[in-house]
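To keep things clear, I will list the structure first and then write my remarks on it.
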Amino acid sequence: AKSSGTGEIRLFEIWMEQAATLRSQLEHELHQAIENKEFRVFYQIQVDSNLAPTGVEALVRWQHPTRGLLAPSEFIGFAESSGMIVEIGLQVLETACRQITQWQDAPQTRELVVAVNVSAKQLYAPSFVDQLKQVLRTTRANPACLEIEITESQLIVDMQVAIQTMQAIRAMGVRISLDDFGTGFSSLSHLRQLPLDQLKIDQAFVRDLSLNPNDDAIVRTIIELGNTLKLDVIAEGVETWAQHERLAQMGCERYQGYLFGRPCSVEDLNLAPGTVRHE
Ligand code: C2E
Ligand code: CA
Ligand code: CA
Ligand code: CA
């Protein structure tokens, strides 16, 4: 029994060494990716009650030199814990703002809002507000066409600092959306303190709509909360017309999900109004 015990320990050590090797390889490759600008930004359409496009969410992808196009789940966690997300996030922000500038020139795309995800590490970096100003200045993007998505769970790190930063962001004319709403612990009194433009209903609640009566109640409550606080409400993860219909009945006026389009490159984006049709 003793010898098998040491065998287990040895195996565990090997496993730990391999994990450390993989981690340092990922770290090396991510540094490389930042330097070589290997990140691409995909966009997912958002629509209003008439199914007309109102904007897009910018979602990062990593064009890995050998492994192909990688989803955020493959690298965002590590980028976050290592702090590299700050540099990656800045590149995404720059790309998104350059896209806004391009869309500013055509009447059909002038008012599209581009939503950019900002991680806790970015939000709490003292340089974030200055970097945002700098990017807006150099790209000449209209701040009203930029939206910052912050998740509810980020707020609890330091509510005071979060509020100050959010106020500075909004003072520039940039919108703020509270992502994954309903999964955290924001109380009503917290919400009233926050400088917000929009609540984004987490896709977990949308997925189970009308299958689970509790989720109906949660979604209804979020929409009413948004109306009371005079905030826009958008539902994410809308995959079926049944979900869309339930949400519309409950007073939701903005939607995002595979039903209207998957995240794709800007070349593949279909922004023509009326292309999304209820069959
Ligand atoms: P998120 O911000 O909640 O983004 C929504 C995710 O849901 C995206 O996954 C999107 O592709 C997916 N999605 C959209 N519509 C549907 C639908 O109808 N059904 C289902 N099942 N899923 C849908 P994605 O692109 O893999 O991104 C995953 C997460 O990675 C994002 O979740 C966000 O937290 C993070 N992320 C993505 N881009 C960035 C970025 O530039 N910076 C930071 N900090 N995080 C990012
Ligand atoms: Ca998001
Ligand atoms: Ca979300
Ligand atoms: Ca999420």
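Inter-part distance, the range 151-165 to the range 190-265, computed on C-alpha centroids, equals 22 Å.
Where does the charge balance sit around residue 196 when Lys and Arg score +1, Asp and Glu -1, over other residues with C-beta under 13 Å from its C-beta? Around residue 196, the charge tally is -1.
What 222 nm value per residue comes from the helices of the chain, counting each DSSP H run with n ≥ 4 as -39,500 (n - 2.57) and dividing by all residues, nearest 500 deg cm²/dmol?
Roughly -14000 deg cm²/dmol at 222 nm, from the helical runs in the chain.
With a simple spin-label model that places each label point 7 Å from the Cα along the Cα-to-Cβ direction, the separation between residue 138 and residue 67 comes to 2.8 nm. Once C-alpha pairs closer than 8 Å and six or more residues apart are averaged by separation and normalised to the residue number of the range 103-198, the relative contact order reads 28 percent. Please report the base-10 log of the normalised intensity I(q)/I(0) for the range 60-116, using a Debye sum with one equal scatterer per alpha carbon and no solvent, at each q in 0.14, 0.16, 0.17 (1/Å). Scattering profile of the range 60-116, log10 relative to I(0): -0.51, -0.62, -0.67. If you run the Gaussian network model on the chain, springs between alpha carbon atoms under 10 Å, then out of 201, 222, 14 the most flexible one is 14.
Is the range 42-201 best put as rounded, prolate or oblate by its Cα gyration tensor, with a ≥ b ≥ c the root eigenvalues, rounded for a/c under 1.5, and otherwise prolate when a/b is larger than b/c, oblate when not? It is rounded, given that a/c, with a ≥ b ≥ c, falls under 1.5.
Provide the net charge surrounding residue 251, with neighbours chosen by a C-beta distance below 10 Å and charges set as Lys +1, Arg +1, Asp -1, Glu -1.
Numbers: positive: 220; negative: 224, 253.
Computed value for this residue: -1.
A cut-off under 13 angstrom between Cβ atoms defines the neighbours of residue 123, and their net charge, with Lys, Arg +1 and Asp, Glu -1, is -4. When only Cα pairs below 8 angstrom with a gap of at least 6 residues are kept, the chain shows a relative contact order of 18 percent.
In a fully extended conformation the segment linking residue 214 and residue 240 would gain 7.5 nm over its present Cα-Cα distance, using 0.36 nm per residue. The fraction of Cα-Cα pairs per 10 angstrom bin, counted from 0 for the range 18-69, comes to 21, 33, 22, 15, 8, 0 percent, rounded to whole percents. Considering only 134, 211, 72, the residue lying farthest towards the positive end of the dipole of the chain is 134, judged by Cα position with unit charges set on Cβ. A Cα-only calculation for the chain places Rg and Dmax at 20.8, 76 Å.
Applying 1/(1 + (r/R0)^6) with r as the Cβ-Cβ distance of residue 171 and residue 98 and R0 = 25 angstrom yields a FRET efficiency of 0.65.
Output the antiparallel fraction of DSSP beta bridges having both residues in the chain, as a percent to the nearest 5. If I count the DSSP bridges inside the chain, around 40 percent turn out antiparallel.
For the range 158-256, the set of GluC sites (Glu not before Pro) satisfying both a DSSP loop assignment and a count of at most 14 other C-beta atoms within 10 Å is given as 239. Comparing mean-square fluctuations of 246, 40, 67 from a GNM of the chain with C-alpha springs under 10 Å, the top value falls on 67.
Note on residue 183 and residue 163: their simple-model spin labels are 2.5 nm apart, each label 7 Å out from Cα toward Cβ. The listed residues 262, 110, once ranked by accessible area (1.4 Å probe) with the largest placed first, stand as 262, 110.
Taking a cut-off of 28 Å, what percent of all Cα-Cα pairs in the range 131-279 are separated by more than that?
Values: 2866 of 11026 pairs.
Summing the P(r) of the range 131-279 above 28 Å gives 26 percent of all pairs.
Solvent-accessible surface of the range 191-279, averaged per residue with a 1.4 angstrom probe and all protein chains in place: 52 square angstrom.
The values are calculated or read from the model by the stated rules, or taken from the named source; none is laboratory data. Note that the coordinates shown come from a computational prediction; the quantities given were computed from them, not determined experimentally. Don't worry about glycine lacking a Cβ; one is built from the backbone with ideal geometry, like all the others, and counts go over all protein chains shown. Ligands, DNA and RNA are excluded from the accessible area calculation, which covers all protein heavy atoms including side chains. Shrake-Rupley method; radii C 1.70, N 1.55, O 1.52, S 1.80 Å.
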